[in-house]
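Single-structure report; data block below.
Only the coordinates and a few stated rules stand behind these numbers; no lab work does. What you see is a predicted model; the values in this text were computed from it and never measured. Reconstructed Cβ throughout: ideal geometry from the backbone, glycine too, with neighbour counts over all protein chains shown.
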Amino acid sequence: MSAQRTAVITGATSERGIGIDVARRYAREGWAVVVLDLDAERSAKVAADIGNQFGVPAFGYAVDVTSEESVAVAHEAVAAEVVAGHLPPVGALANIAGITSPVPFLDTTLELWNKVMAVNATGTYLVTKAFLPGMLDSGWGRIVNMSSVSAQRGGGVFGKVPYSSAKAAVLGFTKALAREVADSGVTVNAVTPGAVDTSIRVGSTDEQEAKLASDIPIGRVATTDEVAAVITFLSSDDASYLTGTTIDINGGSHIH
């Protein structure tokens with residue numbers, strides 16, 4: 001892959017997150033990258049660092065994936081970079097932005113439910129809706145959505161009912177959209193990681209982390225780069241016949 005296409009990654013600035021390694025992996029494989037996250041300054045810095053490290057065009061911008069207006073502004077900013085010739089056309093979108101919550105169901109509030117659903121599910125919807133038309137116009141595109149093994153198992157990792165529900169919604173969204181655009185040259189797939197070595201499990205104890213690892217047949221949690229490798233593969237020409245799929249990255253913790 002040469003830098004003739006741009007990959008857009010949401011939730012891509014946390015140093016212990018999946019998104020930043022997805023952005024680095026795209027860049028390493030020759031893609032131009034767009035880093036979208038809540039903090040504008042941090043997004044710009046991460047993009048600049050990736051661009052300098054891998055020698056590809058890179059652009060960082062702020063976005064609140066739960067806000068239709070914010071997503072529209074970010075999309076317009078990326079489009080302006082493409083028109084100006086600073087970035088090649090967008091060819092891939094990785095919807096990584098997400099939050100979790102370990103709150104037991106009867107302790108949840110509607111506010112918490114709405115927040116978790118908004119970031120994980122509505123955010124995937126809004127960002128995809130913004131960038132999909134350009135892919136359809138070009139006749140080529142790759143959309144990869146972040147779900148979770150929690151959606152398949154009904155929790156049992158860290159996040160509980162709101163998180164599992166939101167990530168299950170992402171799977172339904174992925175399959176339905178993949179079917180709808182299947183003849184357009186755009187593929188839509190999902191990944192379902194199990195426990196990954198990130199900071200998303202804020203507040204977990206060493207004992208909880210050890211228990212997570214011991215429950216995985218492979219005996220450890222995944223690295224962020226192992227997840228990134230699957231996402232970039234799904235964005236490649238080699239994955240052109242894969243759409244509507246769910247790729248498990250769980251070390252054997254859920255086999256079906």
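Summing Lys and Arg as +1 and Asp and Glu as -1 over all other residues whose Cβ lies under 10 Å from the Cβ of S150 gives a net charge of +3. This ranking places Y26, Y163, Y241 by how few other beta-carbon atoms lie within 10 Å of each, fewest first, which gives Y241, Y163, Y26.
Within the set K129/K167; K115/K160; K45/K115, which residue pairs have Cα atoms separated by over 24 Å? Result: K45/K115 exceed 24 Å. For region 1-93, GluC sites (Glu not before Pro) meeting the loop criterion (DSSP other than H, G, I, E, B) and having at most 16 other Cβ atoms within 10 Å: E15. For the pair E207 and E41, label points projected 7 Å from Cα toward Cβ lie 4.0 nm apart.
Compared with the alpha-carbon gap, the fully stretched path from L106 to Q53 is longer by 14.4 nm at 0.36 nm per residue. If only the Cβ of Lys and Arg carry +1 and only the Cβ of Asp and Glu carry -1, the dipole of the chain around its Cα centre is close to 400 debye. Listed values (i) 1.04; (ii) 0.95; (iii) 1.28 include one computed from this model; for Cα Rg over 2.2 N^0.38 Å that value carries the label (ii).
Considering only alpha-carbon pairs that sit under 8 angstrom and 6 or more positions apart, the relative contact order computed for the chain is 19 percent. Taking the charge dipole of the chain about its Cα centre, with +1 at Lys and Arg Cβ atoms and -1 at Asp and Glu Cβ atoms, the residue from G172, G141, V90 reaching farthest to the positive side is G172. Residues within the reach of a label modelled at D215 (point 7 angstrom out along Cα to beta-carbon, backbone nitrogen below 19 Å), restricted to region 230-253, are 248-253.
Normalising the Debye intensity of region 1-148 to I(0), with uniform scatterers on Cα atoms only, and taking log10 at q = 0.08, 0.17 Å⁻¹ returns -0.21, -0.88.
Among D248, D225, which comes first, then next, by fewest other beta-carbon atoms within 10 Å?
Numbers: D248 18, D225 14.
Starting with the residue having the fewest Cβ neighbours, the order is D225, D248.
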